[in-house]
Amino acid sequence: MNKLLFPAILIILFSCTLTAQWMQTNGPYGAYITSLCISETNIFAGARPGGVFVSSDDGVSWAYSGLTNEGIYALAAVQGNLFAGAGSDGVFRSTDDGKQWTYAGLVGSEVISFAVRESTLYAGTWGRGVFFSTNRH
């Protein structure tokens, strides 16, 4: 009897851990959210179309961050810098939590994903491979 009881308890515990309680934030609405990133106390959402939105209150309210490109496909936070992959517009960088953005390269490369390892930022592109940068200036 004990041999049958242990697998049954294990199945019950396993099925309980797979269940999650999801709740929707209050926006941002009207666009496809293609990426999310957290930096300090802010949540950033990359949207297509629409640009980058920011929430400083856990998603209760959202505002434009200042980068309003047609499509933001990737976001990454690296040591005080915020990076946005803006499709074929390339990569943009903000050093002030998204208030101001500067062009950081890769125009025409269709940047769609980021990965970070230590001080290196990797950018995945649509059809052009992977690029990396250790220069965050």
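Across the range 1-38, the qualifying residues are those that are over 30 Å from Gln79 (Cβ atoms) and of a type in the set (Ser, Thr, Tyr), and the one among them that is modelled with the highest pLDDT is Tyr29. If the condition is being within 23 Å of Val54 (Cβ to Cβ), in contact with a Phe, Trp or Tyr (Cβ under 7 Å, 6 or more places away or on another chain) and exposed (fewer than 13 other Cβ atoms within 10 Å of the Cβ), then the range 96-137 contributes Thr102, Tyr103.
Inspect all residues belonging to the range 81-93 and state whether any of them is part of a loop (DSSP other than H, G, I, E, B), among the charged types (D, E, K, R), farther than 29 Å from Gly127 by Cα and at pLDDT 85 or above.
Residues of the range 81-93 that are part of a loop (DSSP other than H, G, I, E, B), as a first pass: 86, 88-90.
Now drop any that are not among the charged types (D, E, K, R), which leaves 89.
From what's left, farther than 29 Å from Gly127 by Cα: none.
For the range 81-93, residues part of a loop (DSSP other than H, G, I, E, B), among the charged types (D, E, K, R), farther than 29 Å from Gly127 by Cα and at pLDDT 85 or above: absent.
Each residue in the range 37-75 was checked for being under 14 Å from the mean Cα position of the chain (by Cα), of a type in the set (A, V, I, L, M) and farther than 16 Å from Val111 by Cβ, and 4 of them qualify.
Hey, any hits in the range 50-69 for a residue that's surrounded by fewer than 20 Cβ atoms within 10 Å (Cβ to Cβ), among the charged types (D, E, K, R) and out of contact with any Lys or Arg (no Cβ under 6 Å at 6 or more places or on another chain)? Yes - at least one qualifying residue is present in the range 50-69.
Taking the listed residues Leu75, Leu67, the one that is under 26 Å from Thr120 (Cα atoms) and in a loop (DSSP other than H, G, I, E, B) is Leu67, with no other qualifying.
Would a scan of the range 48-63 turn up a residue that is modelled with pLDDT of 80 or more, closer than 17 Å to Ser113 by Cβ and not in a helix (DSSP H, G or I)? For the range 48-63, residues modelled with pLDDT of 80 or more, closer than 17 Å to Ser113 by Cβ and not in a helix (DSSP H, G or I): present.
The values are calculated or read from the model by the stated rules, or taken from the named source; none is laboratory data. Remember, it's a predicted structure, so these values are computed and weren't measured experimentally. Virtual Cβ from ideal backbone geometry, glycine too; neighbours counted across all protein chains shown.
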